[in-house]
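Notes to accompany the following structure.
The values are calculated or read from the model by the stated rules, or taken from the named source; none is laboratory data. It should be emphasised that the depicted structure is a prediction, and the values quoted were computed from it without experimental measurement. With ideal geometry, Cβ positions are generated from the backbone for all residues, glycine too; neighbour counts draw on all protein chains shown. What goes into the accessible areas is simple: the full protein's heavy atoms, side chains included, and nothing from ligands, DNA or RNA. Shrake-Rupley method; radii C 1.70, N 1.55, O 1.52, S 1.80 Å.
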Amino acid sequence: MERTFLAIKPDGIQRGLIGEIISRFEAKGFTLVGLKFMKVSRELAEQHYNIHREKSFFTGLVDFITSGPVIAMVWEGSGAIAAARKMIGATNPLTAEPGTIRGDLGIDIGRNIIHGSDAPETATQEISLWFKDEELISWQPSLISWIRE
Ligand code: DAT
Ligand code: MG
């Protein structure tokens, strides 16, 4: 079963979108296996966005992600990584499709509400960067047979 790392960014928290966002992944049928409400250190933010270290927007991105609390989550399900990316939508909310989180709820690339792992390798890396093993809970929702054949 595939796991992906998702984080509701400070703008999503400030705008009161926690419930709206979590509801979408619950309704889809993915299983929540880890969640924490946390203030992100500069060190964690820089590690998380290490791939963008040389980009012009890197400092602004780290400033933004450390500017207020975030919700870090791990969700599980078949195809969860790619499906969550689809549900999140394109990086720029202005061009993200309606029906996606960014397309429905955002406007600005620097305020795009949510992060999602982009591939199996990054999902594994990000989950271990943000969560200790004991913070992840393996469980079977009792209605799973109505979601998965
Ligand atoms: P995504 O979050 O869709 O995976 P990414 O990995 O390319 O996008 O970039 C990480 C974050 O950096 C993105 O969510 C918002 C910010 N960002 C990306 N490109 C940007 C740009 N051209 N200007 C400002 N911020 C940008
Ligand atoms: Mg990315």
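Here is how the numbers come out for the structure above:
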| item | result |
| --- | --- |
| Positions within the range 88-121 being outside any helix (DSSP H, G or I) and open to solvent by 30 Å² or more (accessible area, probe 1.4 Å), in sequence order | Ala90, Thr91, Asn92, Leu94, Thr95, Glu97, Pro98, Gly99, Ile107, Asp108, Asp118 |
| Hits in the range 11-70 (condition: part of a strand (DSSP E or B), of a type in the set (Ser, Thr, Tyr) and surrounded by fewer than 16 Cβ atoms within 10 Å (Cβ to Cβ)) | none |
| Arg85 in contact with a Pro (Cβ under 7 Å, 6 or more places away or on another chain) and part of a helix (DSSP H, G or I) | no |
| Flag for Gly12 being touching a strand residue (DSSP E or B) at 6+ places or on another chain (Cβ under 7 Å) and modelled with pLDDT of 95 or more | yes |
| Only one of Ile71, Ile114, Ile101, Ile88 that is within 13 Å of Ile21 (Cβ to Cβ) and away from ligand 2 (no atom under 16 Å from the Cβ) | Ile71 |
| Subset of the range 53-74 [polar (S, T, N, Q) and more than 17 Å from Asp11 (Cβ to Cβ)] | Ser56, Thr59 |
| Any hit, the range 32-42, residues being within 16 Å of ligand 2 (Cβ to nearest atom) and not hydroxyl-bearing (Ser, Thr, Tyr) | yes |
